[in-house]
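These notes are about the structure you will find just below.
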Amino acid sequence: MKFSVTVTLKKDVLDPQGKVVENTLDNLGFKNLKSIRQGKFFEIEINENDQEKAKNTVKEMCEKLLVNLIIEDYKINKL
Amino acid sequence: MEITKKIIEKHGLKESEFKKIKKLLKRNPNLLELGIFSAMWNEHCSYKSSRIHLKKLPTKSKNVIQGPGENAGVIDIGDNDAIVFKIESHNHPSYIEPYQGAATGVGGILRDVFTMGARPIALLNSIHFGSPDHYKTKSLLNGVVSGIGGYGNCIGIPTVAGETKFNETYNENILVNAMAVGHAKKNKIFYSKAKGLNKSVVYVGSKTGRDGIHGASMASAEFDKNTEEKKPTVQVGDPFTEKLLLEACLELMKDDSIIAIQDMGAAGLTSSSVEMASKGSLGIELDLEKVPCRENNMTPYEMMLSESQERMLIILEDGKENYAKDIFKKWDLDFVVIGKTTDTKKLVLKYNNEIKGEIPIEALALNAPIYDREWSKKDISKINLNLKNLKKINLLDSLIKILSSPNHSNKSWITNQYDQMVMCDTLQRSGSDAAIIRIHNKDKAIAVSVDSSANYCRSHPISGGKQIVCENWRNLISVGAKPIAITNCLNFGNPENKEVMGEFTECLQGIKEACEYLEYPVVSGNVSFYNGTNKKNIYPTPVIGGVGLISKISKPLNHNIKSNDNHIILVGKTFGHLEQSCFLKENYSIIDGMPPQVNLQNEKNNGEIILKLIGENLILSAHDISSGGLLVALSEMSIGTKFGIKIEKPKNLGSLSEYFFGEDQSRYLIEVDKNNLASIEKILKDNNIFFENIGITQNEYFEVVDEFKIKIKELYKINNEWYNKY
Amino acid sequence: MKSSVIVFPGSNCDRDIALALEKMQFKNSMVWHKETFLPKSDLIVIPGGFSYGDYLRSGAIAGKSLIIDEVIKAAKSGCLVLGICNGFQILTETGLLEGTLLRNKNLKFINRDVNIKVLNNKTNFTSKYEIGQILKINIAHNEGNYFTNSKHLEQLNKENLIAFKYCDENGNVNNQSNPNGAIENIAGIFNQKKNILGMMPHPERMIDKLISNTDGVNLFSSLIN
């Protein structure tokens, strides 16, 4: 079973990279750009048939390693 | 909104402190005002538990231009050159988010230095982790090291020296102390004292977000039931923006536009504005709707307490606004006049023309609480160590055990992650007793080192305090620098605990004695209390950062042996003090006992004579003897070179271990050419300095005659294994 | 000889390289990234550092800056261009040099002195070195792991476009002497016309005996001729 995990900085946390990319795109003429936040993307395959169980495993992976809950949020999607 | 007991408590204020606030205001504060009081009156800003003790430290000498109380200390190194430096802790944030915590620690201390008009030229750090076996240590180590490197490398300031230690006392509370050193023109130092009425107060740098609003996050969760998302309290560092801020500030500082400038560090806009007004005995009025914000709907409370990084507050001379604005615009940074100085001696906060808060400046600064906390003397009567019946250990095995231990292993795994060369003035990189940085375009240099000895300080705080100052002094001398002044970062546990407060008081006593005797004043520093958990406080860990001057560069001096057939002389007397030694810890797991005593007179005499010998070009290499004792220091001189030493045991030797592993203080090893031996011995004798001629350098092998002989290559391997395998 | 050093926000070896150029008798000017005009120069240097914080990808944002169009124009008309460290990364992002610089294989920033070997001395950048000469030069980067497609790699080898390779102190080019995982230990490459050199090591850090050695001097003295 395959999942995707998207990790982004929490809404109010400063995202220096996103900010610089945003300014550059603006300079390149993308004037209707409103905002950009940069994040990380993981594709995770789990040996498990029970979707609920698998999702819980991914959730545990996120909270134990992939995500720093103090500054980051994450979303899990089944692929 | 009513200020309840709970709100007061969540702002970290005691009931008595709240009463004092009401008395000073002659009314109840509103939430914004309460937040401001809590920020200004907390330990970090007010030094309320430490102030009466810090006052005892010597802070003046003929070289001191500015002592404690400004953003950083300033010393005179001649020819209109000044060195600006300070050390600061970022312990708690680094435990929660090691990369960002360490990175913002570096960023913060750099701002303290360039705020004063100095271009930063070197970074140092002292980092302490829990036991290597503790499950968190490895990731904390990785995160902190890459955070320190990430910030320093990116902004382009060399990280040149530091120390990394492991001890289980830091399992739940690591220490991350960062030191920055900058160079300024003596007649172009900038201070934080406001002057003049109706001057523009300018906000420059990054925008303000909801970073680090501790009180706010908790308080607002109470008040606003719709707020599900917990607001962030960890700041994210942006070294790129800081680089721009650094260049923009230094560009503006070339002329006379700036009256006062202050970094927005802890308690951000609050402490920077209050400090500038307080020092100038003025008032300050801010229009908060003008503050550049990163998020929508930020409240005055959040703006005043935000700890967003990479921001400064500047008070400008009349008519300089446009000139200054153009500079910040060039560097793509925000520049907004957000207020003015007044004669009201009040902090007045307006939002859309409505007054949201009004506090007398004195109430926040001068009238902040000061505590003379109860403290107890260290009880040493129970220390009773019997070392008579220790199992005998082979000399070489003991040496190997120490050289391969986490605390003594070669740290290049760490230092290779820091750019040490950028700016092209690093004459000596990490790994020596002290790093050497040349003053740009001149033929003089400074030496820098950071040191701590938590084990010594725990077992006997006065001796420990003395010892670290001396060790730091010795490290600078070993590279040929005349020690000028220090900065200190005082990491301790909970000051409301009288034993902890005792450790603090007594460590400071030791630091004071040593600094006074060695004429080595304290010019800046930082106190970090409440390190530890509810149950356990950390070992007292004062960290000393020293700066010394090399007034004429010849060849940088280090501890590496230069060639074979030279004499190795041990300067200073060996008594064989094993208690609190590395030898007992690594071989027998014994951590009790008294630390070695420092004789300040010997310390000074020995140090001065070494400097004299170096000055007369009589020394090929020099090394101070510290943790691990004589044999470890000798091996350190060999490891990393092609040369070893043939060491003769003294004739009337009591105990091998005591002689080779005792941690007696005030000792140096020097490598000297045969042809200079007689003149050196004469100088030492004439000055009543105790010394022993203990060995001769040779190719390839490190040996103690009749005991062991080992290839240098092998020692190198032993010393370099731990980090790479961890 | 006139040189221009391009300064981006976040460049941090700009002062170091300017000092080296002046010491080697170049008449140097600093050119700010927002300029649209490049002073007439015989040599353009893109210095090391973290242009725009190296956010997104190293060199990516600098590759889109105003001045870079002028650099490309000058390079195409034969002007000598030297990119060091971040400058090399920027040159690959602009397409002036092929290939890319990936993260170091150990995923860590690396700062230390490494040995590199001169592979081609028939260029304006390297004429003062001997073929096979071993230099000890400082590296300081996060992304120095050079990578390119097999076709380009073949071209690099066939047309003698590899300037330097990482090696050990005896000149052996192998895995042990490869600090960052670069393909075939490549430390620096030329474009086809050999008027552009991109390299990860910092020659400007190796011109002063007091702080290091002088192995970088000949790169600049090759250029001044």
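The values are calculated or read from the model by the stated rules, or taken from the named source; none is laboratory data. No experiment lies behind these values; they were computed from the predicted model shown. Note that each Cβ is placed from the backbone with ideal geometry, even for glycine, and that neighbours are counted across all protein chains shown.
Look at (1) hydrophobic (A, V, I, L, M, F, W, C); (2) out of contact with any Asp or Glu (no Cβ under 7 Å at 6 or more places or on another chain); (3) over 14 Å from B:VAL632 (Cα atoms) and you find that B:ILE696 fails only one, number (2).
Report yes if B:ASP224 is farther than 27 Å from B:GLY101 by Cα and at pLDDT below 90, otherwise no. Yes.
Residues that are farther than 19 Å from C:ILE183 by Cβ and of a type in the set (A, V, I, L, M) within segment C:116-136 comprise C:ILE131, C:ILE134, C:LEU135, listed in sequence order.
Taken over segment B:112-137, residues that are touching a residue at least 60 places away in the same chain (Cβ under 8 Å) and out of contact with any helix residue (DSSP H, G or I) (no Cβ under 7 Å at 6 or more places or on another chain) amount to 11. Screening the candidates B:ILE65, B:ILE87 for the property of being modelled with pLDDT of 95 or more, more than 14 Å from every other protein chain (Cβ to nearest Cβ) and under 28 Å from B:GLU172 (Cα atoms) yields one hit, B:ILE87. Can you confirm whether C:LEU97 is more than 14 Å from chain B (Cβ to nearest Cβ), under 27 Å from A:GLY29 (Cα atoms) and touching a helix residue (DSSP H, G or I) at 6+ places or on another chain (Cβ under 9 Å)? Here the answer is yes, as C:LEU97 does meet what is asked. If you filter segment B:253-262 down to residues that are of a type in the set (A, V, I, L, M) and closer than 16 Å to B:VAL113 by Cβ, you find that the one that is nearest to the chain's Cα centre (by Cα) is B:ILE261.
Each residue in segment B:376-433 was checked for being in contact (Cβ under 8 Å) with a residue 60 or more places away in the chain, within 14 Å of chain C (Cβ to nearest Cβ) and of a type outside the set (S, T, N, Q), and 12 of them qualify.
Candidates B:ILE625, B:ILE614, B:ILE591: the one that is free of Cβ contacts under 8 Å to residues at least 60 places away in the same chain and not hydroxyl-bearing (Ser, Thr, Tyr) is B:ILE625.
C:SER51 passes every criterion in (1) buried (at least 18 other Cβ atoms within 10 Å of the Cβ); (2) more than 10 Å from chain B (Cβ to nearest Cβ); (3) hydroxyl-bearing (Ser, Thr, Tyr) apart from (2). The number of residues in segment B:292-318 that are under 24 Å from B:TYR191 (Cβ atoms) and in a loop (DSSP other than H, G, I, E, B) comes to 6.
Going by the structure shown, is B:LYS555 at pLDDT 95 or above, surrounded by fewer than 24 Cβ atoms within 10 Å (Cβ to Cβ) and of a type in the set (Lys, Arg)? No.
Give segment B:450-462 a look and list any residue that's surrounded by 24 or more Cβ atoms within 10 Å (Cβ to Cβ) and among the small types (Gly, Ala, Ser), or say none. Residues satisfying the conditions are B:SER452, B:SER453.
Applying the condition of being modelled with pLDDT under 95 and facing chain B (nearest Cβ under 10 Å) to segment C:13-41 and asking which residue is farthest from B:THR426 (Cα to Cα) yields C:LYS34. So in segment B:145-164, with the set limited to residues that are of a type in the set (A, V, I, L, M, F, W, C) and at the interface with another protein chain (Cβ under 10 Å from one of its Cβ atoms), which one is farthest from B:ALA445 (Cα to Cα)? Looking at the filtered set, the residue picked out is B:VAL145.
Condition check for B:ALA454 on (1) more than 21 Å from B:ASN560 (Cβ to Cβ); (2) at the interface with chain C (Cβ under 10 Å from one of its Cβ atoms); (3) at pLDDT 95 or above: one failure, at (2).
On the given criteria, is B:GLY546 within 30 Å of B:THR697 (Cβ to Cβ) and surrounded by 24 or more Cβ atoms within 10 Å (Cβ to Cβ)? So B:GLY546 fits the description; yes. Taking segment B:440-449 as the range and being crowded, with 20+ Cβ neighbours inside 10 Å and more than 10 Å from chain C (Cβ to nearest Cβ) as the test, the residues that pass are B:ILE446, B:ALA447, B:VAL448, B:SER449.
Under the condition of being of a type in the set (Ser, Thr, Tyr) and at pLDDT 95 or above, the residues counted in segment B:585-621 number 1.
The combined condition, being more than 19 Å from B:PHE114 (Cβ to Cβ) and surrounded by fewer than 24 Cβ atoms within 10 Å (Cβ to Cβ), is not fulfilled by B:GLU247. Scanning segment B:126-142 for residues that are of a type in the set (Phe, Trp, Tyr) and either touching a Cys at 6+ places or on another chain (Cβ under 9 Å) or more than 24 Å from B:LEU490 (Cα to Cα) (or both) yields a single hit, B:TYR135.
Selection within segment B:509-536: residues that are in a loop (DSSP other than H, G, I, E, B) and modelled with pLDDT under 95. The member of this set that is farthest from B:GLY182 (Cα to Cα) is B:LYS535.
Search segment B:184-216 for residues being in a strand (DSSP E or B) and buried (at least 22 other Cβ atoms within 10 Å of the Cβ), and hand back the single one that is nearest to the other protein chains (Cβ to nearest Cβ). Among those residues, the one meeting the criterion is B:THR208.
Over 18 Å from the mean Cα position of the chain (by Cα) and within 12 Å of another protein chain (Cβ to nearest Cβ), is that true of C:LYS64? It is true that C:LYS64 is over 18 Å from the mean Cα position of the chain (by Cα) and within 12 Å of another protein chain (Cβ to nearest Cβ).
Can you confirm whether C:ARG103 is within 12 Å of chain B (Cβ to nearest Cβ), in contact (Cβ under 8 Å) with a residue 24 or more places away in the chain and of a type in the set (Lys, Arg)? No; evaluated as a whole, the condition is false for this residue. Only a single item in (1) of a type in the set (Phe, Trp, Tyr); (2) closer than 30 Å to C:LYS64 by Cα; (3) surrounded by 14 or more Cβ atoms within 10 Å (Cβ to Cβ) is not met by A:PHE41, and it is number (3). The lone criterion from (1) under 19 Å from the mean Cα position of the chain (by Cα); (2) within 30 Å of B:SER398 (Cβ to Cβ) left unmet by B:LEU508 is number (2). Of all residues in segment B:152-174, those being outside any loop (DSSP other than H, G, I, E, B) and within 23 Å of A:LEU65 (Cα to Cα) number 1. Selection of segment B:636-663 for residues being out of contact with any Leu (no Cβ under 6 Å at 6 or more places or on another chain) and among the small types (Gly, Ala, Ser) yields B:SER638, B:GLY640, B:GLY644, B:GLY654, B:SER655, B:SER657. Take C:ILE183 and tell me if it is of a type in the set (Val, Ile, Thr), surrounded by fewer than 20 Cβ atoms within 10 Å (Cβ to Cβ), in contact (Cβ under 8 Å) with a residue 24 or more places away in the chain and farther than 27 Å from B:ARG438 by Cβ. In short, yes.
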